[in-house]
Amino acid sequence: MIIVMNNTATVENIDNIVDRLQKATLSTSKIVGAEQTVIGVVGDTGKVDKELLSTLPGVEKVLKVQEPFKKANRAFKSTDTIVDVAGVKFGGDKPVIIAGPCSVESHDQIVSIAKSVKAAGASMLRGGAFKPRSSPYAFQGLELDGLKLLIEAKKATGLPIVSEIIAPRYLEVFEESVDMIQIGARNMQNFDLLREVGKSKKPILLKRGLSSTIEEWLMSAEYILHQGNPNVVLCERGIRTFETYTRNTLDVSAIIAVRKLSHLPIIADPSHASGKSWMALPLSLAALACGAHGIIIEVHNDPANALCDGAQSVTPLVFNDIMKCVNTIDNTMKEIKDFMHV
């Protein structure tokens, strides 16, 4: 439920509404705008009389939120959320470009790639220390040693780092090591993990599940927001369809839908979506044209010998070309977004 206060509402009027709702054991959040204050209400709203609320001093209207996600809903917060990750801002006018290898393999590998993607203009460094794989025999990552190597790459370049967490027991070390914690596609509905990262102050990158609907994805974000962490960035990384030519299918329509439904920033992952390095550039441009606030691309200095997902990794040279294209069309993208109102 949303209570929209009129522009003459006093602080006492607003506090009176909040006090009534909290006495009914409902959770409230105030969104103060330039002209109006909106009170978001979460919980069993059947406990309160909506007709009575609408007659109280300062109340303009009372609205029911139809979607099950509340705090992630644009109705709760009409302005875009800006998520700041060590000075890198998701949700602003400038697209955020995250780049790096699927997995951290060695000191020389991760530092070399970090330096090359920074030189090309990347905003952040990605790298998997823990790698949940479909096969138990596949490379699972260097784990805690991989996190240490990521920290060394950050020291060498200054790039903020993002890496995937796979279990709540690692949360403390991730909070100490990385600037942004990634929840991978396979863990999108790991609700225990979502609750724990929701208690963290670290920004969260939440990838869409392989076969998840947009609503399910936003409900997973809701778990994090409900625990008190407002810094969630969504990532469209492709969904599983009947098509087998590509690894997954990048759902660019989901980017447009999320921009309409939610105030949370959203980026795209063309690498996991296609599984083919040569598709990274056109899919990146398509995602940005549809309103994505950034992209995350896999970059490896030797894709043919990568321990994980080499086929979808671009070389530093190709990544440099991608960055040139992204920078060249940035102004055009802004015009497209203005036209689409996203």
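The values are calculated or read from the model by the stated rules, or taken from the named source; none is laboratory data. Just so it is clear, the structure is predicted and the values come from calculations on it, not from any experiment. Glycine also receives a Cβ, built like all others from the backbone with ideal geometry; neighbour counts cover every protein chain displayed.
For the stretch 148-180, the set of residues classified as aliphatic (A, V, I, L, M), buried (at least 23 other Cβ atoms within 10 Å of the Cβ) and within 24 Å of ALA119 (Cα to Cα) consists of LEU150, ALA153, LEU159, ILE161, VAL162, VAL178, MET180, listed by residue number.
Would you confirm whether any residue within the stretch 99-118 is charged (D, E, K, R), closer than 16 Å to GLN182 by Cα, surrounded by fewer than 24 Cβ atoms within 10 Å (Cβ to Cβ) and touching a residue at least 24 places away in the same chain (Cβ under 8 Å)? For the stretch 99-118, residues charged (D, E, K, R), closer than 16 Å to GLN182 by Cα, surrounded by fewer than 24 Cβ atoms within 10 Å (Cβ to Cβ) and touching a residue at least 24 places away in the same chain (Cβ under 8 Å): absent.
One line per residue, one yes/no per condition, for (1) at pLDDT below 95; (2) of a type in the set (D, E, K, R); (3) assigned to a loop (DSSP other than H, G, I, E, B):
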| site | (1), (2), (3) |
| --- | --- |
| GLY92 | yes, no, yes |
| GLN109 | no, no, no |
| ILE113 | no, no, no |
| SER116 | no, no, no |
| LEU125 | no, no, no |
| LYS131 | yes, yes, yes |
| GLY141 | yes, no, yes |
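Only residues that are exposed (fewer than 13 other Cβ atoms within 10 Å of the Cβ) and within 22 Å of the chain's Cα centre (by Cα) were counted across the stretch 53-79, and they come to 3.
Scanning the stretch 269-279 for residues that are in contact (Cβ under 8 Å) with a residue 40 or more places away in the chain and either closer than 18 Å to ARG208 by Cα or touching an Asp or Glu at 6+ places or on another chain (Cβ under 7 Å) (or both) yields a count of 3. Surrounded by 13 or more Cβ atoms within 10 Å (Cβ to Cβ) and closer than 27 Å to VAL233 by Cα, is that true of ILE2? Taking the combined requirement at face value, the residue satisfies it. Taking ILE266 as the residue in question, decide whether it is touching a Ser or Thr at 6+ places or on another chain (Cβ under 8 Å) and assigned by TED's automatic domain parsing to the domain that holds THR244. When the stated conditions are applied, ILE266 does not pass them. Only a single criterion out of (1) touching a Gly at 6+ places or on another chain (Cβ under 6 Å); (2) touching a residue at least 40 places away in the same chain (Cβ under 8 Å); (3) not assigned by TED's automatic domain parsing to the domain that holds ALA289 is not satisfied by LEU26, namely (2).
ILE181 satisfies every condition listed in (1) touching a Ser or Thr at 6+ places or on another chain (Cβ under 8 Å); (2) more than 26 Å from HIS263 (Cα to Cα); (3) among the aliphatic types (A, V, I, L, M) except (2).
Just one of the listed residues (LYS50, LYS30) is of a type in the set (Lys, Arg), modelled with pLDDT of 85 or more and surrounded by 12 or more Cβ atoms within 10 Å (Cβ to Cβ), and it is LYS50.
Note on the stretch 143-173: residues that are assigned to a loop (DSSP other than H, G, I, E, B), β-branched (Val, Ile, Thr) and within 19 Å of SER106 (Cβ to Cβ) amount to 0. If you filter the stretch 49-90 down to residues that are without any contact (Cβ under 8 Å) to a residue 12 or more places away in the chain and in a loop (DSSP other than H, G, I, E, B), you find that the one that is farthest from THR25 (Cα to Cα) is GLN66. Does VAL197 satisfy the condition of being surrounded by 24 or more Cβ atoms within 10 Å (Cβ to Cβ), part of a helix (DSSP H, G or I), assigned by TED's automatic domain parsing to the domain that holds LEU307 and modelled with pLDDT of 95 or more? Yes, satisfied.
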